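> Once you've had a glance at the structure underneath, I'll fire off some questions.
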Amino acid sequence: MATIRQDDFIQSIADGFQFISMYHPVDFIQAMGKAYEREESPAAKNAIAQILMNSRLAAEGRRPICQDTGMAVVFLRVGMGVKWDAKLSLADMINEGVRRAYTDKNNPLRASVLTDPAGSRENTRDNTPAVIYTEIVPGNAVEVRLAAKGFGSENKSRFTVLNPSDSVVDWVVNQIPTLGGDWCPPGMLGIGIGGTAEKAMMLAKESLLDPLDMHELKARGPKSRAEELRIEIFDKVNALGIGAQGLGGLTTVLDVKVRDYPTHATSLPVAVIPNCAATRHLEFHLDGSGPARFDAPGLEHWPKLDVDLAAGATRVDLETLDKAQAAKWKAGDRLLLSGRILTGRDAAHKRLADLIARGEKLPVDFRNRLIYYVGPVDAVRDEVVGPAGPTTSRRMDKFMDTLLGTTGLLGSIGKSERGAQAIEAIKRHQGVHLIAVGGAAYLVSKAIRASRVLAFADLGMEAIHEFEVKDMPVTVAVDTRGDAVHDSGPREWRSKIAKIPVKVA
């Protein structure tokens, strides 16, 4: 009979979440490397390159891959023969491990979990509690599967109950364009089929922890209906041409996972949960011999990229930027920004909108400035700021008309596309929207040379900062004419992919 000590279990959970914050799984690195080699879209190839460069930098610097260090998800399979030397409950031990991981002074992770979600929405400050699934099974060990799930992708989860005769493939493929680029492709799709509503969602989530093996599956051929669905959905989703970051290209998904479960005769529950380019998960076993040990992947696993991010990009001096200069930019142009930018996201935008509605003075001068949608990780050691990648732009859409129309703001920087409401506001006020690569947070932080809080300090990572940047890489997503690269890019590559001859085995 294995005896699992409380301290060993807690330390394993803490070390596991620290580990996955900074190291991509090797299978993901290799799959992204192959996607980079295959990619023919210059915009998508550049985005994949930044994701891979960021991944290696994070591993070398032992810092988070993404500023959204996720919500802790734990799948447990506890052997019936296990004995616990513990005073805390299973959930309390897990949450103590999460607490230690997210408040580690050497590598603090961003606390994003809020209590009272439909009310005060107060930050728990340590990213607890975790979401925990427990199964009791035969055996004398504990199997633990951890994931740090980012919410740019989590927020794009989909669920439906189909009629038994409906096509799962058609429904899934029709959902993917509605996700846009917010989920930071290329990544994975987890699909759960059957059971009940919550069972289908759980199956989809757990499937995202499985290894990337689409290449091997295609080579040997499917052996079940679930594997047939994986291949069909994989091919049809990539044929959509959405591409890396939604910019258009050959690879939208690296793999598709399908898990199923028996369901009622009248029903066909289906769930889809995407996983972003910040794929973070691992598995370990405890048998009473001590805490788990994790070995960092060797740097030889990362592809050697000879990429010059300045090639083909236009350098922009933010200190002299005005509407006349921004009007010359076109959707798809790549820029390198140098100078001062402001930051602000959901909570800051709400406060600004309330101040404007009351006719009160704003705490910051927005004239001819760009605002970056970001909630950075706390800095450590000699860092100016921790990993500081872009958050989803669309959440700020409803504020765009007010800010562009009343503050003199020139435009915004975020990730992925804007909705029709924001694009119309951008066009009407001759503004712009730029994007940085989601999933390249540590790489972006290297361009930030200084940082200070200007307003709303009580909001923590959501406060308004001023960043001084040097050669920060961005792409024009929406220009002053309202042209949007997230419309034109996928449309162009969908047409190109349709003309590629089908290879017959």
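> Restricting to the stretch 424-459, count the residues that are within 17 Å of residue 412 (Cβ to Cβ), out of contact with any Lys or Arg (no Cβ under 8 Å at 6 or more places or on another chain) and not aliphatic (A, V, I, L, M).
Residues in the stretch 424-459 being within 17 Å of residue 412 (Cβ to Cβ), out of contact with any Lys or Arg (no Cβ under 8 Å at 6 or more places or on another chain) and not aliphatic (A, V, I, L, M): 4 in total.
> While we're on this one: If you scan the stretch 327-354, which residues turn out to be more than 23 Å from the chain's Cα centre (by Cα), among the small types (Gly, Ala, Ser) and more than 20 Å from residue 484 (Cβ to Cβ)?
Scanning the stretch 327-354 gives 338, 339, 353.
> So which residues in the stretch 9-36 are out of contact with any Ser or Thr (no Cβ under 8 Å at 6 or more places or on another chain) and among the hydrophobic types (A, V, I, L, M, F, W, C), if there are any at all? It would help to see each step written out before you state the result.
Going residue by residue through the stretch 9-36, those that are out of contact with any Ser or Thr (no Cβ under 8 Å at 6 or more places or on another chain) are 9-20, 22-23, 26-27, 30-31, 33-34, 36.
Those that are out of contact with any Ser or Thr (no Cβ under 8 Å at 6 or more places or on another chain) and among the hydrophobic types (A, V, I, L, M, F, W, C): 9, 10, 13, 14, 17, 19, 20, 22, 26, 31.
> So, of the residues in the stretch 200-217 that are crowded, with 18+ Cβ neighbours inside 10 Å and touching a Pro at 6+ places or on another chain (Cβ under 9 Å), which turns out to be farthest from residue 25 (Cα to Cα)?
200
> Also, I was wondering about something else. When the residues of the stretch 444-472 are filtered to those that are under 29 Å from residue 327 (Cβ atoms) and in contact with a helix residue (DSSP H, G or I) (Cβ under 7 Å, 6 or more places away or on another chain), which remaining residue is surrounded by the most Cβ atoms within 10 Å (Cβ to Cβ)?
472
> Take the conditions touching a Phe, Trp or Tyr at 6+ places or on another chain (Cβ under 7 Å), surrounded by 23 or more Cβ atoms within 10 Å (Cβ to Cβ), outside the structural domain of residue 178 (by TED's automatic domain parsing) and within 27 Å of residue 186 (Cβ to Cβ) and apply them to residue 376. Does it pass? Break it down stepwise before answering.
Details: touching a Phe, Trp or Tyr at 6+ places or on another chain (Cβ under 7 Å): no; surrounded by 23 or more Cβ atoms within 10 Å (Cβ to Cβ): yes; outside the structural domain of residue 178 (by TED's automatic domain parsing): yes; within 27 Å of residue 186 (Cβ to Cβ): yes.
So residue 376 does not fit the description; no.
> So the check is Cβ under 7 Å with 6+ separation or different chains; which pairs have a first residue in the stretch 356-371 that's under 20 Å from residue 338 (Cβ atoms) and in contact (Cβ under 8 Å) with a residue 24 or more places away in the chain and a second one that's loosely packed, with under 15 Cβ neighbours inside 10 Å and among the acidic types (Asp, Glu)?
Here the result reads 368/322, each pair linking the stretch 356-371 to a residue that is loosely packed, with under 15 Cβ neighbours inside 10 Å and among the acidic types (Asp, Glu).
> May I ask you to list pairs of residues, at least six apart or on different chains, whose Cβ atoms are under 6 Å apart, with the first in the stretch 457-479 being touching a residue at least 60 places away in the same chain (Cβ under 8 Å) and the second being assigned to a helix (DSSP H, G or I)?
As it stands, the answer is 459/347; 462/347; 462/348; 463/457; 464/348; 477/485; 478/423; 478/426, since those pairs meet every condition given.
> Determine whether the stretch 243-254 contains at least one residue that is modelled with pLDDT of 95 or more and assigned to a strand (DSSP E or B).
yes
> Sort out which residues of the stretch 104-122 are within 23 Å of the chain's Cα centre (by Cα) and either among the charged types (D, E, K, R) or buried (at least 16 other Cβ atoms within 10 Å of the Cβ) (or both), and write them in order of number.
Once the filter is applied, which keeps residues that are within 23 Å of the chain's Cα centre (by Cα) and either among the charged types (D, E, K, R) or buried (at least 16 other Cβ atoms within 10 Å of the Cβ) (or both), the stretch 104-122 yields 104, 107, 108, 109, 110, 111, 112, 113, 121, 122.
Let's see how each residue does on (1) over 16 Å from residue 147 (Cα atoms); (2) surrounded by fewer than 21 Cβ atoms within 10 Å (Cβ to Cβ); (3) in contact (Cβ under 8 Å) with a residue 60 or more places away in the chain:
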residue: 1; (1), (2), (3): yes, yes, yes
residue: 8; (1), (2), (3): yes, yes, yes
residue: 12; (1), (2), (3): no, no, yes
residue: 20; (1), (2), (3): no, no, yes
residue: 24; (1), (2), (3): no, no, yes
residue: 28; (1), (2), (3): no, no, yes
residue: 32; (1), (2), (3): yes, no, yes
residue: 35; (1), (2), (3): yes, no, yes
residue: 41; (1), (2), (3): yes, no, yes
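> Okay, next question. Sort out which residues of the stretch 198-224 are more than 19 Å from the chain's Cα centre (by Cα), at negative phi and part of a loop (DSSP other than H, G, I, E, B), and write them in order of number.
If the condition is that a residue be more than 19 Å from the chain's Cα centre (by Cα), at negative phi and part of a loop (DSSP other than H, G, I, E, B), then 213, 222, 223, 224 are the ones that fit.
> A further question follows. Within 22 Å of residue 73 (Cβ to Cβ), hydrophobic (A, V, I, L, M, F, W, C) and over 22 Å from the mean Cα position of the chain (by Cα), is that true of residue 271? Working first, answer last.
Values: within 22 Å of residue 73 (Cβ to Cβ): yes; hydrophobic (A, V, I, L, M, F, W, C): yes; over 22 Å from the mean Cα position of the chain (by Cα): no.
For residue 271, the condition - within 22 Å of residue 73 (Cβ to Cβ), hydrophobic (A, V, I, L, M, F, W, C) and over 22 Å from the mean Cα position of the chain (by Cα) - is not met.
> Can residue 294 be described as at pLDDT 95 or above and either closer than 30 Å to residue 408 by Cβ or not assigned by TED's automatic domain parsing to the domain that holds residue 86 (or both)?
Details: at pLDDT 95 or above: yes; either closer than 30 Å to residue 408 by Cβ or not assigned by TED's automatic domain parsing to the domain that holds residue 86 (or both): no.
No; evaluated as a whole, the condition is false for this residue.
> Return the total of residues in the stretch 345-366 being in a loop (DSSP other than H, G, I, E, B) and within 17 Å of residue 426 (Cβ to Cβ). Before the answer, list the steps.
Initial filter on the stretch 345-366 (in a loop (DSSP other than H, G, I, E, B)): 345, 358-366.
After this cut, where a residue has to be within 17 Å of residue 426 (Cβ to Cβ) as well, the list is 366.
The qualifying residues number 1.
> Still on this structure: Which of the residues that make up the stretch 163-190 are closer than 20 Å to residue 149 by Cα and not in a helix (DSSP H, G or I)?
Selection gives 180, 181, 182, 183, 184, 185, 186, 187, 188, 189, 190.
> Got a sec? Which of 283, 232 is within 30 Å of residue 109 (Cβ to Cβ), surrounded by fewer than 19 Cβ atoms within 10 Å (Cβ to Cβ) and touching a residue at least 24 places away in the same chain (Cβ under 8 Å)? Let's see the steps before the verdict.
On the way: 232 fails: within 30 Å of residue 109 (Cβ to Cβ).
Answer to the check: 283.
> While we're on this one: List the pairs whose first member sits in the stretch 48-69 and is assigned by TED's automatic domain parsing to the domain that holds residue 126, whose second member is among the polar types (S, T, N, Q), and whose Cβ atoms are under 7 Å apart, counting only residues at least 6 apart or on separate chains?
From the stretch 48-69, the pairs are 62/107; 63/107; 64/21; 65/21; 65/54; 65/55; 68/112; 69/21.
> Of (1) within 24 Å of residue 495 (Cα to Cα); (2) surrounded by 24 or more Cβ atoms within 10 Å (Cβ to Cβ), residue 250 satisfies all except one. Which?
It fails just one condition, (2).
> Sort out which residues of the stretch 351-407 are more than 19 Å from residue 418 (Cα to Cα) and aromatic (Phe, Trp, Tyr), and write them in order of number.
366
> What about residue 340, is it surrounded by fewer than 18 Cβ atoms within 10 Å (Cβ to Cβ), in a loop (DSSP other than H, G, I, E, B), at pLDDT 95 or above and out of contact with any Gly (no Cβ under 7 Å at 6 or more places or on another chain)?
Numbers: surrounded by fewer than 18 Cβ atoms within 10 Å (Cβ to Cβ): yes; in a loop (DSSP other than H, G, I, E, B): no; at pLDDT 95 or above: yes; out of contact with any Gly (no Cβ under 7 Å at 6 or more places or on another chain): yes.
No: the conditions fail for residue 340.
> How many residues does the stretch 130-150 hold that are touching a helix residue (DSSP H, G or I) at 6+ places or on another chain (Cβ under 9 Å) and more than 25 Å from residue 188 (Cβ to Cβ)? Show your work before the answer.
Of the stretch 130-150, the ones touching a helix residue (DSSP H, G or I) at 6+ places or on another chain (Cβ under 9 Å) are 130-134, 142, 144-149.
Imposing the further condition that a residue be more than 25 Å from residue 188 (Cβ to Cβ) reduces the set to 142.
Summing the residues that are touching a helix residue (DSSP H, G or I) at 6+ places or on another chain (Cβ under 9 Å) and more than 25 Å from residue 188 (Cβ to Cβ) in the stretch 130-150 gives 1.
The values are calculated or read from the model by the stated rules, or taken from the named source; none is laboratory data. What you are looking at is a predicted structure, and each value in this text was computed from that prediction instead of being measured. When we count neighbours, we look across all protein chains shown, and the Cβ atoms used for this are built from the backbone with ideal geometry, even at glycine.
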